[in-house]
Amino acid sequence: MKEKITHFQLGFLLFGFIAGFESMFLTESKLMKQDVWIANLFNTAAGIGLLWIISFVQRQFPNLNLTEICDKLLGRWFSKVLLCVYLLNNLETESGGFRAVSMFYTTVILPNTSSDYLIFLYTACSTYAVYIGLGTLARTNLAILPFFLLGFLVTCLFIIPEIQTNPFLPQLKSSLPNRVVGSIHLFTFTFSQVITFGFLMSRVENMKKIFPSCAIAILMTSIYLIMISYLTLSSVGFNYVQTSTYPFFSMIQMVKFGEYLERIEVLLVGLWTVLTLVYIVIMQYVFTLVAGHVFGISKMKPFVVAIGLLCFVHTSKSYIRTADHFTYGIKIYPLSSLLPCVAFPVILLVLTLIKRRREVKSL
Amino acid sequence: MYPIDNLIIFTGRNGISQKRAVSFFLAALCLLSITGCSPDVNEISDIALVTAAAIDYDVVTNKYSFSAFCVMPSNTSQEKTSALTQWVSSATGKTPLDAARKMRSRVGKNLIFQHNKFFIISESAAKHSLFEVMDYLSRKREFRLTAYPIIVQGQASDKLKLGTESGDMLSNDLLGQVRNNKLSGQDVALTIKDFVDLFENPTRGFVAGRIKTKSSETNKKEFLTVTGGAVIYKQKFAGWVDGNDVLILNSLSKKKVWKDIEFNDVIHSKNGSVFSALFHEKDLEIHGDIQNGRPKMSVYLKYIASVEDVNKDSDVGDSRVILQMEQAASIHLEKKIKKSLAFFQKKLKIDVLGFSDYYSQYHSKAWKTMQKDWETLYPMIPIQVHVTVLFEKSGMTTFIKEES
């Protein structure tokens, strides 16, 4: 029998999933500057809305997982088409994640190391993590998060003397297109991926508690995101945030203990890399589950390795230039994610409601 | 059932499987050894640390010169510095990178810039090519954001060759001077991060660090001293500011700049006495207003002070005497601040104090109309200065009787 996880573990997975990856580029802070809180508020509301939709659909079919629910509601072939669209989105997200980590390392820490070599190491790690299963991943995440939160708290405390200005003033001065793009960008890179967690909801012991625990995780993540935006904008400065490729990393570079002890950022980068791996592993795990269902694979063991190889090849051929990665992240991904991450759950909700009404009528 | 869920290393009920734990640690050990395969590994015997760098620009040839003060890692501690293990390397090139790469390729060691704290930029580079220089310094991953870009009069590379009065390594001496700024407040320690952030602001200027050469009072040798500042406006060097004006600039900046500064000054009291005091800024409030479409500002400063020496018999234990001294000190500091503000507004005509930032943050509507005329509005802003001084301490003696 498949190992179950608790609703508590699922909530922490959601926090770890987003906290690790999203703090890398802070694109919405670059676009919206002092109005970044608008993107965060929108993101929280949209994330909780999406979570409610998916957990509602899941609660109506407690014995089925989301892929089986799709089959039941949409019919076998239409379900396959939509799941394939999701798989494409999953693959591009995952490759983007792999490339973001390797790009960060080759730009900041290991300039002479080949990105393919780094991507291979990450895919090997993530494939092994997928192989050992969700339960282990959930427990590992629980073991890592306290260290991450402690590191983050220490960073916050030591960056306070660097705060120079109120970064949320003057309010509402960013342009409307920037507000829209920034909000959609933040949402598609963070809580739109609640759909990915939808595929894991059938594995939670107490399904009724999924919504409250994940909603708390979403709120906590939003607080974390607002905090890092506040700290980064106020300590590094608006202009520098816009200039910097990795503003949050620049911010943690400012941390020093006393007069001489600097370079603390390496510790936080280590923890942050592990959390980014959590992000990638969850994406790859769900990809494996969904692809197994879509293609009707019975023997999963070699299939896990095949998926790992696919991820490696796809990543090593995608977003090769830094500019490609940024352009894709800002201009294409926010739009390409809307169908699989927003329209897909909404379709499921509408069909579930229609089905419920029909059942009530037939009674 | 999916086999991907079968293999579990840590189980909630049964604890860690011994066999798995051993194989996990063995695998981790093997993985540790692969770090040696990385092409980013540096052998300690192959490296040399750069502790200060200088960038020059020749307007005639359009060429940059990059110089580095290098030290062998075994002798970087203050006690062990010796002439044998320190040297200055230099090369010229078409861009800052071109010059730096040429210099690095000629040196027999792998140069490490992670510990470099100073980038000394020549006046010529700051005047004619500051954008290129700052772009290079902020783009390069090896340069830490906490390093100080400092402008120097004349050539920069020459300055690396000067010795120090203390006999210590150049960068240690300069760092000591930056640290000792809390004793005078007359220099600016602007990091690359702050430099780049202010550099992009089109409406305001800012003051970066300055290095000057001075002759020693004990011998004829010339040494470097970090004092005063270099004004940068519209991404170019725009002039020098002396130490007294920098002190006022620091006093009117963000708290992190002034909170540790304790400067001394000589005050002439109304009763004819002259005394020295140490002043420590306690509070700063800057208010801006708009009257008839024109900005108007007020500055409130509060200092805690201590009496350090008095030229004649004055009982500093007497509150009337102290009140007189406080009044004299307040008037003196107000005059001093007004003088510096007049210099920034009327002579320099560059908003180095960031008043434009204040208006854009707190009067954003009015700022929209003021922004385009800011250059003409700024020199005419009336600024009221209010200083309060509180003498908390007066030393170990109340007064020494003077022979009549």
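The values are calculated or read from the model by the stated rules, or taken from the named source; none is laboratory data. None of these values were measured; they are calculated from a predicted model. Counting neighbours? That spans all protein chains shown, and the Cβs are built from the backbone with ideal geometry, glycine included. Side chains are part of the model used for accessible areas, which takes the heavy atoms of the whole protein and leaves out ligands, DNA and RNA. Shrake-Rupley method; radii C 1.70, N 1.55, O 1.52, S 1.80 Å.
Cross-link partners for A:K331 among the lysines, with Cα-Cα distance under 16 Å and sequence neighbours closer than 8 places in the same chain left out: A:K30. Long hydrophobic helices in chain B, taken as whole DSSP H segments with a C-alpha length of 20 Å or more on their own axis and mean Kyte-Doolittle hydropathy at least 0.0: B:18-33. Which pairs break 24 Å Cα to Cα here: A:K33/B:K302; B:K346/B:K372; B:K182/B:K312; B:K182/B:K338? With Cα atoms farther than 24 Å apart: A:K33/B:K302; B:K182/B:K312.
Would you tally the net charge around A:L74, using a Cβ to Cβ cut-off of less than 13 Å, leaving A:L74 out, and scoring K and R as +1, D and E as -1? Working shown, then result.
Details: positive: A:K72, A:R76, A:K80, A:K355; negative: A:E68, A:D71.
Counting the neighbours of A:L74, the net charge comes to +2.
Spin-label pair A:V313-B:N219: with each label point 7 Å from Cα along the Cα-Cβ axis, the two points sit 7.2 nm from one another.
When the other protein chains are added to the chain by itself, burial of at least 30 square angstrom of heavy-atom accessible area (probe 1.4 Å, ligands and nucleic acids ignored) affects these residues of the stretch A:138-152: A:R139.
Counted residue by residue at 0.36 nm each, then reduced by the alpha carbon distance between them, the extension gain from A:Q60 to A:L157 reaches 30.4 nm. Excluding same-chain neighbours fewer than eight residues apart, the lysines reachable from B:K339 by a Cα-Cα span under 17 Å are B:K347, B:K349.
Count the net charge of all other residues whose Cβ sits under 12 Å from the Cβ of B:L390, scoring Lys and Arg as +1 and Asp and Glu as -1. Don't skip to the answer; put the middle values down first.
Values: positive: B:K282, B:K302, B:K393; negative: B:E281, B:D283, B:E326, B:E392.
Around B:L390, the surrounding residues sum to -1.
Nearest 10 degrees is fine. How inclined is helix A:176-189 to the longest principal axis of chain A, computing both from alpha carbons? That helix lies at roughly 60 degrees to the long axis.
When the listed pairs B:K236/B:K336; A:K256/A:K317; B:K102/B:K256 are checked against a 32 Å cut-off, the alpha-carbon distance exceeds it for A:K256/A:K317; B:K102/B:K256.
Solvent-free Debye calculation, one equal scatterer per alpha-carbon of the protein assembly as shown: log10 I(q)/I(0) at 0.07 Å⁻¹ equals -0.64.
Principal-axis analysis of the Cα atoms of chain A puts helix A:76-104 at an angle of about 20° to the longest axis.
Note on A:F295 and B:K372: with the Förster distance fixed at 41 Å, the Cβ-Cβ geometry gives a FRET efficiency of about 0.05.
Label-to-label distance for B:N180 and A:V266 is 3.2 nm, based on points extended 7 Å past Cα in the beta-carbon direction. If I model the stretch A:42-156 as equal point scatterers sitting on the Cα atoms and use the Debye formula, what is log10 I(q)/I(0) at q = 0.22 Å⁻¹? Debye intensities relative to I(0), on a log10 scale: -1.29.
Given axes a ≥ b ≥ c from the Cα gyration tensor, I'd like to know whether the stretch A:208-363 is rounded (a/c under 1.5), prolate (a/b larger than b/c) or oblate. Before the final figure, lay out the partial values.
On the way: a/c = 2.17, a/b = 1.61, b/c = 1.35.
In terms of gyration-tensor shape, prolate.
Compute the whole-percent fraction of alpha carbon pairs in chain A spaced more than 26 Å apart.
Numbers: 32905 of 65703 pairs.
When all Cα pairs of chain A are counted, 50 percent exceed 26 Å.
Quick one: helix A:134-159 against the long Cα principal axis of chain A, what's the angle to the nearest 10°, folded into 0 to 90? Helix A:134-159 sits at roughly 20 degrees to that axis.
Under conditions of 4 °C and 1.567 mPa s, the stretch B:259-393 yields 78 µm² s⁻¹ as its translational diffusion coefficient, taking Rh as the Kirkwood radius over Cα pairs in the Stokes-Einstein equation. Helix content alone sets the calculated 222 nm mean residue ellipticity of the protein assembly as shown: runs of n ≥ 4 DSSP H residues at -39500 (n - 2.57) each, divided across all residues, give -16000 deg cm²/dmol. Each other residue within a Cβ distance under 13 Å of B:L145 adds +1 if Lys or Arg and -1 if Asp or Glu, for a net charge of +2. The mean of 1/r over all pairs of different alpha-carbon atoms in chain B, once inverted, gives a Kirkwood hydrodynamic radius of 25.0 Å.
Counting alpha carbon pairs within less than 8 Å and at least 6 residues apart, what relative contact order, in whole percent, applies to chain A?
Values: 453 pairs, mean separation 148.0, N = 363.
The value is 41 percent.
Name the shape class, rounded, prolate or oblate, that the alpha-carbon gyration tensor gives for the stretch B:44-241, where a ≥ b ≥ c are the square roots of its eigenvalues, rounded holds for a/c under 1.5, and otherwise prolate holds if a/b is larger than b/c and oblate otherwise. The shape class here is oblate.
Normalised by the empirical 2.2 N^0.38 Å for globular proteins, what value does the Cα Rg of the stretch B:29-138 take? Mind dumping the intermediate values first?
Working: Rg = 16.4 Å, N = 110, 2.2 N^0.38 = 13.1 Å.
Compactness ratio reported: 1.25.
Taking 0.36 nm per intervening residue step and subtracting the Cα-Cα distance, what contour gain separates B:T146 from B:K254 on full extension? Extending this stretch completely gives an extra 37.1 nm. In whole angstrom, how far apart do the alpha carbon centroids of the stretch B:325-352 and the stretch A:316-363 sit? What the calculation gives is 62 Å, centre to centre. A 1.4 Å probe run over the stretch B:186-252, with the rest of the protein chains in place, finds 36 Å² accessible per residue. Sorting B:I44, B:I192 on solvent-accessible area from highest to lowest, probe radius 1.4 Å, gives B:I44, B:I192.
At a Förster distance of 25 Å, what's the computed FRET efficiency of B:S364 paired with B:H386, Cβ-Cβ distance as r, to 0.05?
On the way: r = 26 Å, r/R0 = 1.04.
The calculated FRET efficiency here is 0.45.
Listed by chain and number, the aspartates and glutamates whose alpha-carbon sits under 12 Å from that of B:K221, ignoring those within fewer than 8 places in the same chain, are B:E165.
Could you pull out the longest piece of chain A with no exposed loop chymotrypsin sites (Phe, Trp or Tyr not before Pro) in it, calling a site exposed if DSSP puts it outside H, G, I, E, B and it has at most 13 other Cβ atoms within 10 Å?
Numbers: sites that count: A:Y260, A:F295.
So the longest stretch without any such site is A:1-259.
Couplings for the stretch A:3-8, taken from phi via the Karplus curve 6.51 cos²θ - 1.76 cosθ + 1.60 with θ = phi - 60°, read 5, 8, 10, 8, 4, 5 Hz in order; Gly and Pro are left as x.
Paramagnetic label reach from A:L150 (point 7 Å along Cα→Cβ; backbone nitrogen cut-off under 18 Å): within the stretch A:261-285, residues A:264-275.
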